[in-house]
Amino acid sequence: MSKITVYSKPNCMQCNFTKKYLDDKGVDYSTLDVFADEEALNHIKLLGFQSLPVVEIDGEEPFNGFRPDLLAKLA
């Protein structure tokens, strides 16, 4: 199974929806708070993203926002 990382921030509805969706489907993932982790923030900026959440999956193109269509492929 590929490693999944969700980059998020506190009080972010789309971040919460994304994590809840993954939790409800039993998908293992790690989460990084870009407010608490400057390296994580710099990483998503280097990827070209300016909004959260950003979902990064090993071997796949990262995406941002709450995307049930793409998250369903992980379940």
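The values are calculated or read from the model by the stated rules, or taken from the named source; none is laboratory data. Quantities reported herein were computed from a predicted structural model and do not represent experimental measurements. Backbone-built Cβ (ideal geometry, glycine too); neighbour counts: all protein chains shown. SASA here: full protein model, heavy atoms, side chains in, ligands and nucleic acids out. Shrake-Rupley method; radii C 1.70, N 1.55, O 1.52, S 1.80 Å.
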- [ ] Compute the Kirkwood hydrodynamic radius of the chain, taking the inverse of the mean of 1/r over all pairs of distinct Cα atoms, and give it in Å to one decimal.
- [x] 12.2 Å
- [ ] Taking amide H positions as placed in the peptide plane 1.01 Å from N, state which residues far from Leu32 in sequence (5 or more) or on other chains have amide H under 5 Å from it.
- [x] Val6, Tyr7, Ser8
- [ ] Towards the positive end of the charge dipole of the chain, with charges on Cβ (+1 Lys, Arg; -1 Asp, Glu), say which of Leu46, Tyr21, Tyr7 has the farthest Cα.
- [x] Tyr21
Open item on the list: Quick check: with the 1.4 Å probe, what order do Asp33, Asp24 take by accessible area, largest first?
Closed with: Asp24, Asp33
Task: Using alpha-carbon coordinates, inclination of helix 13-25 to the longest axis of the chain, degrees - done: 30 degrees
TODO: Could you size up the charge dipole of the chain around its Cα centre, putting +1 on the beta carbon of Lys and Arg and -1 on that of Asp and Glu, and report it in debye to the nearest 20?
DONE: 240 debye
Open item on the list: Taking 20 Å as the cut-off for C-alpha to C-alpha distance, list the pairs among Lys9/Lys73; Lys20/Lys73; Lys25/Lys73 that go past it.
Closed with: Lys9/Lys73
Task: Loop-located trypsin sites (Lys or Arg not before Pro) in segment 1-37 whose Cβ has at most 12 other Cβ within 10 Å (DSSP) - done: Lys3
Open item on the list: Taking R0 as 22 Å, what FRET efficiency do you get between Asn11 and Gln50 from their Cβ-Cβ distance, rounded to the nearest 0.05?
Closed with: 0.80
